[in-house]
Amino acid sequence: MTPDPRSSFPIDLDLLYELLDVDRSLPVRRLLQAARLVRGVLAPLVLSLAVREGTPMGSGSRGELERLHRRIDTYARLNEEIARVPGARVVKGPSLARYYPEGVLRPLGDLDVVTTTEAALWQVLALVTDRHHSDEAELTELYADGQRHVFAGVWWTGEDPLLDPDHCVDITTFAFHGRPGLVPLRAALPEDQAHADVLSLAEERFQRPFTVKDILDLVFVMTSPAAPRSSGLIAAATEFALAPELLELCERVRACPRLAATLPSELVDGLRAPAEAERLRRAEQAGPPQQAGGPEQAGGPQESPVPADASPAPRYGMLLATPLRRGAGDSCTEHRWSGGAITRTPIADFLMVPGELVDPDSYESALAELSTLTPWPLRPDDRRPAWPHSDRGV
């Protein structure tokens, strides 16, 4: 029988005061204000702990908490349906939430999905857009080891568009992007779900500093009755070139006195040698530092240059028309003309560009070219009834 994964670690508001560096003499509303300033959608965590500890709440905070519960339910239902798409796996999100103690809400900003094929990616997007009306989507194409990979995302407004963050689902055909020139893209997830979730947390360090949410995620995983073995986690971090990042997250946990004992010494000490070996590998990959006054002097730290024989540069898709469509098929095509390239997908058409900025004339030219193309065939309108309270646009 599989043990209940819920951690029994005694989290309370006092711990959040410490982690968010808020004076304990200040009222809970000041803690909530501080939580809203920190990346990671921490309000659900503060509000759920406030309820559990009997903090007086008004209709506004109670209403927000009710909407947060429905937001989590929306993602949980999507997670259940996505799990039935062959080759699709959700990481973090609901998978990590199951480790949180009873009555404590894990902050949930978006849903992250990894697929083994591009066909599965478009199947997941079809499922999501069947359930939720969206006018916003993004697309990135990138290459690694001669293979084309895709990142796609859709989002839609929260239940209260003025107060709630957007819902978002991000889908990739790769597990870990890494850092070009230093840490290669790794397409496959670890088979073990706990390893996949924890390494996905570590991978976030390539995009941003670790947050309070990352710290608590690791604490609850490692204090769970279903916690992964340290030896297996060390081996996975080593295999996927994430030992330095996971060690950094462990050290962030241990920096908090109340959390220092939550991680086994076997894990932290066992990560040190592979982390150092990976740092040395990256240093050798980067090559000797450039002379003073070189490009790295302008604008702070820069990623190391990609080797000359690297794969083609990423291309970014600019959405050409809304609303998103319910297109047939599970693949995309590329249309080229004198003005560039348009990637046509089951959900939308995208002008492919090398960076975030697009010349207005290029955009208008792409719209004119798109108007000459045959409309993408649509799927039958056989959508199932929308979930109650799932969003305002169904």
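The values are calculated or read from the model by the stated rules, or taken from the named source; none is laboratory data. For clarity, every value in this text was computed on a predicted model and none was experimentally measured. For neighbour counting, all protein chains shown are included, and Cβ atoms are generated from backbone atoms with ideal geometry for every residue, glycine included. Remember, those area values only see protein heavy atoms, side chains included, never the ligands or the DNA or RNA. Shrake-Rupley method; radii C 1.70, N 1.55, O 1.52, S 1.80 Å.
Condition check for I215 on (1) assigned to a loop (DSSP other than H, G, I, E, B); (2) within 21 Å of L267 (Cβ to Cβ): one failure, at (1).
Report yes if some residue within the stretch 254-268 is within 23 Å of R6 (Cβ to Cβ), open to solvent by less than 60 Å² (accessible area, probe 1.4 Å), in contact with an Asp or Glu (Cβ under 8 Å, 6 or more places away or on another chain) and part of a helix (DSSP H, G or I); otherwise report no. Looking for residues that are within 23 Å of R6 (Cβ to Cβ), open to solvent by less than 60 Å² (accessible area, probe 1.4 Å), in contact with an Asp or Glu (Cβ under 8 Å, 6 or more places away or on another chain) and part of a helix (DSSP H, G or I), one finds none in the stretch 254-268, hence no. Among the residues making up the stretch 52-64, those that are surrounded by 15 or more Cβ atoms within 10 Å (Cβ to Cβ) and either without any contact (Cβ under 8 Å) to a residue 40 or more places away in the chain or over 28 Å from R208 (Cα atoms) (or both) are R52, T55, M57, S61. Among all positions in the stretch 112-123, there is at least one residue which is within 28 Å of P5 (Cα to Cα), open to solvent by 10 Å² or more (accessible area, probe 1.4 Å) and under 15 Å from the mean Cα position of the chain (by Cα). Restricting attention to the stretch 42-100, the residues that are hydroxyl-bearing (S, T, Y), within 20 Å of the chain's Cα centre (by Cα) and under 25 Å from D12 (Cβ atoms) add up to 3. Restricting V22, V28, V41, V46 to those that are crowded, with 17+ Cβ neighbours inside 10 Å and closer than 30 Å to T129 by Cβ reduces the list to V41. Determine whether R131 is surrounded by 17 or more Cβ atoms within 10 Å (Cβ to Cβ) and basic (K, R). Judged against the criteria, R131 is a match.
Strands (runs of 3 or more DSSP E) fully within the stretch 136-208 that include at least 1 residues being touching a Ser or Thr at 6+ places or on another chain (Cβ under 9 Å) and open to solvent by 30 Å² or more (accessible area, probe 1.4 Å): 136-144, 147-156.
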